[in-house]
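Read-outs: derived from the displayed coordinates by stated rules, not from any lab. Just so it is clear, the model here is predicted, and its values are computed rather than measured. With ideal geometry, Cβ positions are generated from the backbone for all residues, glycine too; neighbour counts draw on all protein chains shown.
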Amino acid sequence: DTTLHKTMWSIITISWAVIWATFLLIQVSLFGQYHVSMKASEQQLCFQSESHSSGGEGTAGNSDRPPLLSPSSIGCHYSQANDSPKLKQSNANMHMNSNSSARTTSRKSISFQDLEPNSGIQYDTLKYRAPSIYPNVNYTTVQQIARPYDVWKRPFPCFPTEPDWYTVPRQKTATKQGFFYFKARKAGSSTVAGVALRIARAKAQQLGLQATSLNATHCHTRYGHPAAHRLHYHDRDRENSYLWSIIREPTKRDISEFFHFAVSRGSKMEPSRQGFQAYHEWTPLMHEYYLQFMSTDKAYKMGEKGQDYVQSVAKIMTDYDFIGITERMHESLVVLQLLLDLQTSDILFLSAKTSGGWDDGLSNGQCYYIHPPVVSPQLADYFQSEAWWEKTKGGNLLYVAANRSLDLTIASFDQTVFQQKLKRYKWALHEAQIRCQDQVQFPCSAGGVRQENHDCLLWDSGCGYDCLDRVARELGL
């Protein structure tokens with residue numbers, strides 16, 4: 001009996017071993033098929049183009065209608081030699097070295113009459129779907145919050161600026177009168193800050209204000225990243241100040257921030273769902289960024305008792321004189337031109353940053369390669385989840401309301417005048433790109449070398465201003 005008992009246990013043990021071995025072999029086989037399938041699906045999901053826009057600070061343009069993130073719209077970049085979603089710095093260098101200049105253009109100069117209605121340099125080349133698919137936005141509320149922006153009927157709020165106007169400490173100082181641009185992070189804000197500086201310079205020159213420092217003449221202005229409530233914008237003199245901003249689709253902005261600060265700089269995190277979620281949780285300013293930073297009297301704190309995100313959005317829409325849309329950059333700046341009675345030359349610009357290029361070189365005194373955005377299917381799924389919609393409900397409401405306000409403002413203009421202005425602006429930007437792009441010294445070269453001698457109004461904003469001025473004269477703007 002003892003021998004039989006031992007024999008039976010041996011048979012049972014061997015049988016279980018065979019079963020487990022077979023199970024493991026099946027799992028390995030399935031995992032291999034899954035891995036190949038995922039690579040194929042990721043390659044299908046992603047697309048490449050010459051100029052992705054992870055920083056939101058690419059070349060100029062706008063879409064016809066407000067866009068929205070879709071799983072395949074954020075943009076992916078896979079190295080030919082390594083199909084890992086993480087773009088290695090060595091591959092980035094190879095890519096940059098294969099081109100003599102990241103900003104070289106092969107476009108040709110054209111006449112104003114030859115410009116196609118929908119042509120122009122695309123500011124954000126990533127594809128979107130219409131914002132009506134936001135599941136957490138009440139569109140009745142949008143109709144109540146949105147409004148056409150008022151034409152400024154008072155003298156432009158231009159006052160003498162401080163001698164140290166260009167310093168970070170000064171830009172963090174509250175003030176009541178002047179031209180105030182809230183610079184939203186990763187929303188094309190360095191480029192638009194250059195526009196704000198061009199406007200402040202042009203108006204100061206018209207009024208004959210004397211240069212203060214840096215051989216510059218500017219109206220009293222604010223154009224930095226500090227939160228609006230820290231600058232006490234709720235207490236500004238609304239008769240003698242103009243507060244405006246341009247915002248980007250909230251999820252897109254968050255992705256751009258993640259890739260710029262966590263992947264390209266700093267910790268060099270992997271662009272995975274886990275990496276993004278960890279960065280989002282560790283970074284408080286990512287929690288409803290727009291409501292935190294654009295609120296003029298008190299920062300919105302997600303989850304804090306007594307906070308009402310709808311009221312916060314409504315107050316932002318009331319407190320700001322104008323809010324444009326990054327994905328509708330052309331339209332937004334032409335609307336600003338008409339609201340403030342500006343010249344087309346005042347709103348010309350060259351892009352401050354492009355993904356697949358280099359940043360401003362201010363961080364640690366070195367240039368960082370801006371990785372194009374990489375979004376895996378898992379991360380794309382997360383952006384369509386109820387948990388993510390809940391985290392972004394305030395920003396989404398503000399974005400849709402600002403889009404609607406832009407539409408209402410455009411509708412309030414004479415459409416012939418607006419369309420003519422828009423076409424002329426696109427043509428002027430096209431010509432500026434052709435004539436200036438390869439002549440400008442940016443803070444970082446095409447090869448990622450920091451350049452102390454550059455021709456920007458300040459930092460990486462307003463670059464190529466001399467050339468833009470010359471083009472404006474040549475085009476009669």
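Where Lys and Arg each count +1 and Asp and Glu each count -1, what net charge lies around ILE145 among other residues with Cβ under 10 Å from its Cβ? Write out the running numbers ahead of the final one.
On the way: positive: ARG147, LYS315, ARG404; negative: none.
Charge balance near ILE145 sits at +3.
For the stretch 159-298, what proportion of DSSP beta bridges, expressed in % and rounded to the nearest 5, is antiparallel? Mind showing how you got there, number by number?
Values: 2 of 9 bridges.
Bridges in the stretch 159-298 that DSSP calls antiparallel: roughly 20 percent.
Does the stretch 158-288 come out rounded, prolate or oblate by the C-alpha gyration tensor, with a ≥ b ≥ c the root eigenvalues, rounded set by a/c under 1.5 and, if not, prolate when a/b is larger than b/c and oblate if not?
Details: a/c = 2.68, a/b = 2.19, b/c = 1.22.
The shape class here is prolate.
Give me the extension gain from HIS232 to ALA411: residue separation times 0.36 nm, minus the current Cα-Cα distance, reported in nm with one decimal.
Working: separation 179, 0.36 × 179 = 64.44 nm, distance 3.23 nm.
Gain in length upon complete extension: 61.2 nm.
At a Förster radius of 35 Å, what calculated FRET efficiency corresponds to the Cβ-Cβ distance of ILE434 and GLN205, to the nearest 0.05? Before the final figure, lay out each step's value.
Details: r = 26 Å, r/R0 = 0.74.
Step by step, r from the Cβ atoms, then E = 0.85.
Please find the FRET efficiency linking ASP308 to LEU285, where r is the Cβ-Cβ separation and R0 is fixed at 22 Å, and quote it to the nearest 0.05. List each step's numbers first, then the result.
Numbers: r = 20 Å, r/R0 = 0.92.
Computed FRET efficiency for ASP308 and LEU285: 0.60.
Semi-axes, largest first, in whole Å: what does sqrt of 5 times each Cα gyration tensor eigenvalue give for the stretch 371-436? Before the final figure, lay out the partial values.
Working: eigenvalues 244, 99, 12 Å².
Over the Cα atoms of the stretch 371-436, the ellipsoid semi-axes are 35, 22, 8 Å.
Does a label point 7 Å from the Cα of ARG147, set along Cα-to-beta-carbon, have any residues of the stretch 317-331 with amide nitrogen under 19 Å, and which are they?
It comes to 317-325, nothing else.
Among all lysine pairs in the stretch 139-242 that are eight or more places apart or on different chains, how many have alpha carbons less than 23 angstrom apart?
Numbers: LYS153/LYS176; LYS153/LYS203; LYS172/LYS183; LYS172/LYS186; LYS172/LYS203; LYS176/LYS203; LYS183/LYS203.
For the stretch 139-242, qualifying lysine pairs total 7.
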